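The next block holds one structure in the form of structure tokens; read it before the comments.
The values are calculated or read from the model by the stated rules, or taken from the named source; none is laboratory data. Being a predicted model, the structure only gives us computed values, none of them experimental. Reconstructed Cβ throughout: ideal geometry from the backbone, glycine too, with neighbour counts over all protein chains shown. Please note that ligands, DNA and RNA were not included when accessible areas were found on the heavy atoms of the full protein model with its side chains. Shrake-Rupley method; radii C 1.70, N 1.55, O 1.52, S 1.80 Å.
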Amino acid sequence: MATKNILPPISLVQRKEYTARIREWNDAYAAETGARRGCFVLTFGCQQNEADSEKIAGMAEEMGYEIVASPEEAHLIMVNTCAIREHAEKKALSIIGQYKHIRAKNPELIIGVCGCMTAQEHRRDELKMKYPYVTFTLGTASLHHFPKVLWDTLSLKRRFITSESEEDFTKTVAEGAPIRRVSGYRAWVSIMYGCNNFCSYCIVPYCRGRERSRAKEDIIREVRELVEAGYKEITLLGQNVNSYGKGTDCDFADLVAELDAIEGDWWLSFMTSHPKDASRKLIDVMAAGKHIARRFHLPMQSGSDRVLKVMNRHYNMEKYLDTVTYMREKMPDVVITSDIIVGFPGETEEEFEDTLRALEAVRFDMLYSFIYSPRKGTPAAEMEQIPDVVKGSRFDRLLATQNAIAAEKNKPLEGKLLRVLCDGESKGNPRVYSGRTEGGKIVFFEGAPDMVGGFVNVRIERTEAFALWGKVEK
Ligand code: SAH
Ligand code: SF4
Ligand code: F3S
């Protein structure tokens, strides 16, 4: 069953108009009851989704909602979903399933589902048929329609299970949404949306549409305001962040260089870079930078040239290793991290071992490893699959190899004084604080509340594969 409800274009002026209408309705409620209607936002998935959720919360606040911490307190629930692996979708669907009980107690409750899952027709149909209490959906390229869709659903008392227009999916770069940032010292700044790469295993290009970059001036203004407001780490986001500005006269390296010139005590980082677009120019800009964190997340995915080709990654191991070598030549202390998929269709034992050998050759500081999950509509899902037991055992072997490498990479940090951005109390022990280094490594130390959100210098005493421990030095 096809979902034909496509959202018509909407201007910033119209968005403001619908926002004002809902605000009026919510203000009247607050005047009558002494409390604001609540909005609960739940986020699955990557940093891009976290950044989107900050916009959703910002828009909800602008519409007169108070952001609340639990779904039970909410009049509006927004579930921001991820579709990257089956597990992510199952988790979101299971939580949405639980909201049925909350809705049964509160029939006025509005439940919106947004994010990557809603871009897939079969998921929209599933939400429509099996989750009748889901009031509306909103794709990642349609977030700016939120006030209108919410107004329509409230005033017409109808469901809106919608799909995105071609225009939004391929061209729109909506500015002007207020952002309700979760942190007062770490900020996400989306600089481009979508992905054109169509890696054969990946659902993202089908969910987030075509690559489109924000105007350089808008990004510079946002980053400058954040630095002036005291933000200490600003992370530029894009599915393929280093293809920013393709086809314009400002490429990613130029943008990073311009941002680096913003005065202040702050770190600039970015993710995620595609190895095919990791240019020497960018590495040179990083090496010369004042604020640019010496950290590079460069997903390798596989160490086998044949597998990389079938994955449609557009680089081979020679090119990948060349980039790593150049990076270390220019910045010997750079922290390099990566993503690996094990059990891609057709991956042989020998090809998997190529990946293990590549880990030994590169020696990543950290690795995010994933078991391949077939995604409906992607080419790899149609290929012959590897049995789950084989995938599982390869995954375990990969982790064991990487854990040994990470532990060895951290060991020389013992005795070093590292600059750490303090995040606050760690889980479990209120005296032990945690923070992250410029390279993103987690550090534990005895801290105090006034350190939170600022830089501290920590003398490292002990290290393991996943963390460092030390003492603050004044
Ligand atoms: N745009 C980024 C990251 C996208 S998703 C990039 O290109 O690097 C984050 C990671 O999820 C990917 O790097 C990949 O390792 C993993 N991933 C993507 N699709 C997957 C799938 N179908 N199964 C398992 N892992 C997957
Ligand atoms: Fe997915 Fe590849 Fe795009 Fe990354 S670059 S989002 S892995 S298609
Ligand atoms: Fe998931 Fe979409 Fe991010 S699929 S990983 S939320 S881009």
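Taking all C-alpha pairs of the chain, those more than 27 Å from each other amount to 59 percent. Between Phe466 and Arg397, the modelled label-to-label distance comes to 2.3 nm, taking each label 7 Å out from Cα in the direction of the beta carbon. Can you give the net charge of the other residues whose Cβ lies under 12 Å from the Cβ of Gly194, counting K and R as +1 and D and E as -1? In short, +3. Applied to the stretch 374-387, the Karplus parametrisation 6.51 cos²θ - 1.76 cosθ + 1.60 on θ = phi - 60° returns per-residue 3J(HN,Hα) values of x, 10, 3, x, 9, x, 5, 5, 8, 7, 5, 8, 8, x Hz, with x for Gly and Pro. For Glu108, the solvent-accessible surface with a 1.4 Å probe is about 140 Å², rounded to the nearest 10. Distances between placed amide hydrogens fall under 5 Å for Ser369 paired with Ile340, all partners being 5 or more residues away or on another chain.
3J(HN,Hα) along the stretch 211-225, derived from phi through the Karplus expression 6.51 cos²θ - 1.76 cosθ + 1.60 where θ = phi - 60°, amounts to 4, 8, 9, 6, 5, 4, 4, 5, 5, 4, 4, 4, 5, 4, 4 Hz, with x in place of Gly and Pro.
Quick one: net charge around Asn80, please, counting Lys, Arg +1 and Asp, Glu -1 for every other residue with C-beta under 15 Å from its C-beta. Mind dumping the intermediate values first?
Details: positive: Lys55, Lys91, Arg123, Arg180, Arg208; negative: Glu50, Asp52, Glu54, Glu89.
For residues surrounding Asn80, the net value is +1.
Taking amide hydrogens as placed 1.01 Å from N in the peptide plane, the amide H of Phe160 sits under 5 Å from those of Phe136, Thr137, each at least 5 positions away in sequence or on another chain. Here the relative contact order of the stretch 1-151, from alpha carbon pairs under 8 Å that lie six or more residues apart, stands at 25 percent.
Amide H to amide H distances under 5 Å link Arg295 with Val335, where only residues 5 or more positions off or on other chains count and H is placed in the peptide plane.
Assuming R0 = 56 Å, can you tell me the calculated FRET efficiency for the pair Ala28 and Phe198, based on Cβ-Cβ distance, to the nearest 0.05? It comes out at approximately 0.70. Database note for the chain: Cys without another Cys beta carbon under 4.7 angstrom, Cys39, Cys46, Cys82, Cys114, Cys195, Cys250, Cys422. Restricting attention to the chain, close to 35% of DSSP beta bridges with both partner residues there are antiparallel. Reported to the nearest whole Å, the Cα centre-to-centre distance from the stretch 174-189 to the stretch 40-66 is 9.
Phi-derived couplings, Karplus 6.51 cos²θ - 1.76 cosθ + 1.60 at θ = phi - 60°, listed residue by residue for the stretch 84-101: 5, 9, 4, 4, 5, 5, 4, 4, 5, 5, 5, 5, 4, x, 5, 5, 3, 5 Hz, with x used for Gly and Pro. Listed by chain and number, the lysines placed with their C-alpha closer than 25 angstrom to that of Lys276 are Lys171, Lys216, Lys246, Lys309, Lys319, Lys330; residues fewer than eight positions away on the same chain are left out.
Each Lys and Arg Cβ is given +1 and each Asp and Glu Cβ -1; about its Cα centre, the chain then shows a dipole of about 740 debye.
Relative to one another, the C-alpha centroids of the stretch 128-154 and the stretch 274-343 are positioned 39 Å apart.
Using only Cα atoms, locate the centre of the stretch 406-461 and the centre of the stretch 7-38, then give the distance between them in Å, rounded to an integer. Each part reduced to its Cα centre gives a spacing of 43 Å. Note on Thr463: accessible area is roughly 20 Å² with a 1.4 Å probe, heavy atoms of protein only. For the chain, give the percent of accessible area contributed by carbon and sulfur heavy atoms, probe 1.4 Å, rounded to a whole number. After summing per-atom areas, the C and S share lands at 53 percent. Put His297, His101, His122 in order of accessible area, highest first, and with a 1.4 Å probe you get His101, His122, His297.
When the charge dipole of the chain is built from unit charges on Cβ atoms (+1 for Lys and Arg, -1 for Asp and Glu) and taken about the Cα centre, the candidate among Phe370, Val182, Gly38 whose Cα reaches farthest toward its positive end is Gly38.
The Cβ shell under 14 Å around Lys171 holds other residues with a net charge of -2, Lys and Arg each +1, Asp and Glu each -1. Per residue, the chain exposes 44 Å² of accessible surface when a 1.4 Å probe is rolled over the protein heavy atoms with every protein chain present. Each residue, Lys281 and Lys319, gets one label point 7 Å from its Cα in the Cβ direction; the gap between the two is 1.7 nm.
Using packing as a proxy for protection, rank 205-212, 159-166, 258-265 so that the peptide with the highest average count of other Cβ atoms within 10 Å comes first.
The peptides rank, most packed first, as 205-212, 159-166, 258-265.
When the surface is traced with a 1.4 Å probe over the full set of protein chains, Asp168 keeps roughly 10 Å² accessible.
By the rule of a C-alpha distance below 16 Å, with chain neighbours fewer than 8 residues away ignored, the lysines paired with Lys409 are Lys441.
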